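What follows is a short report on a single structure.
The values are calculated or read from the model by the stated rules, or taken from the named source; none is laboratory data. Model, not experiment: these values are computed from the prediction. With ideal geometry, Cβ positions are generated from the backbone for all residues, glycine too; neighbour counts draw on all protein chains shown.
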Amino acid sequence: MIKIICIGKIKENYYKDAIQEYKKRISKYTKVEIIELPDVSYDIKKTLKEEYNNVMKVFNKNDYNILMDISGNELDSLSFASKINNTFNINNNITFIIGGSYGVLDDLRNVCDYRISFSKMTFPHQLFRVILLEQIYRAFKINNHEEYHK
């Protein structure tokens, strides 16, 4: 199973449609669950702490937890596919965590099993959710030797 824990809700229908499309495509390979947590807006320190507390309420230490983090490891699509394949060999559940607009506390970095960066660039959180799902779908296509990845 793939879980995605993320801060904030998707407002734009075109992002919702893209997310549903990739969830449908991925469902051929595994179940996908998206857990949306409230987007809070205080000062940076208080926001980070509350978002951390909210993530920890749904965090499962028995899952393989991957934090999406700008300072994480950068992987190409083949390496990402390999990471997913190897992880599923040791754990039935992979959870991806997407922090809020201020990032995440080091406390969250420290409890995750792995950190990935898709780019040094900053993406809107709604768009990034689509990008992550597309790369997960691409990884399953690669791992199953199916045509899609070029």
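A few remarks follow.
- Within the stretch 81-88, not a single residue is polar (S, T, N, Q), assigned to a loop (DSSP other than H, G, I, E, B) and touching a strand residue (DSSP E or B) at 6+ places or on another chain (Cβ under 9 Å).
- Residue pairs meeting the criteria (Cβ under 8 Å; at least 6 apart or on separate chains; first under 29 Å from residue 39 (Cα atoms), in the stretch 126-150; second assigned to a loop (DSSP other than H, G, I, E, B) and among the β-branched types (Val, Ile, Thr)): 126/10; 129/10
- Which listed residue is without any contact (Cβ under 8 Å) to a residue 12 or more places away in the chain and touching a helix residue (DSSP H, G or I) at 6+ places or on another chain (Cβ under 8 Å), from 42, 29, 14, 22: 42
- Complete set of residues in the stretch 99-115 that are surrounded by 20 or more Cβ atoms within 10 Å (Cβ to Cβ) and under 11 Å from the mean Cα position of the chain (by Cα): 99
- Filter result for the condition that a residue is surrounded by 13 or more Cβ atoms within 10 Å (Cβ to Cβ), under 17 Å from the mean Cα position of the chain (by Cα), over 18 Å from residue 115 (Cβ atoms) and of a type outside the set (Lys, Arg), over 35, 70, 66: 35
- Residue within the stretch 111-121 that is part of a loop (DSSP other than H, G, I, E, B) and at pLDDT 95 or above present: yes
- Near pairs, Cβ below 6 angstrom, 6+ apart or cross-chain, from the stretch 100-119 (touching a residue at least 40 places away in the same chain (Cβ under 8 Å)) to any residue that is small (Gly, Ala, Ser) and surrounded by 15 or more Cβ atoms within 10 Å (Cβ to Cβ): 115/72; 116/72; 117/72
- Per-region count, the stretch 56-71, residues farther than 13 Å from residue 109 by Cβ and part of a strand (DSSP E or B): 1
- Any hit, the stretch 28-45, residues being part of a helix (DSSP H, G or I) and modelled with pLDDT of 95 or more: no
- Selection within the stretch 137-150 - more than 14 Å from residue 20 (Cβ to Cβ), in contact with a Phe, Trp or Tyr (Cβ under 9 Å, 6 or more places away or on another chain) and not in a loop (DSSP other than H, G, I, E, B): 138, 139, 140, 141, 142, 143
- Qualifying residue in the stretch 125-133 (condition: more than 13 Å from the chain's Cα centre (by Cα) and part of a helix (DSSP H, G or I)): no
- The stretch 4-23, subset within 14 Å of residue 135 (Cα to Cα) and not hydrophobic (A, V, I, L, M, F, W, C), residue surrounded by the fewest Cβ atoms within 10 Å (Cβ to Cβ): 21
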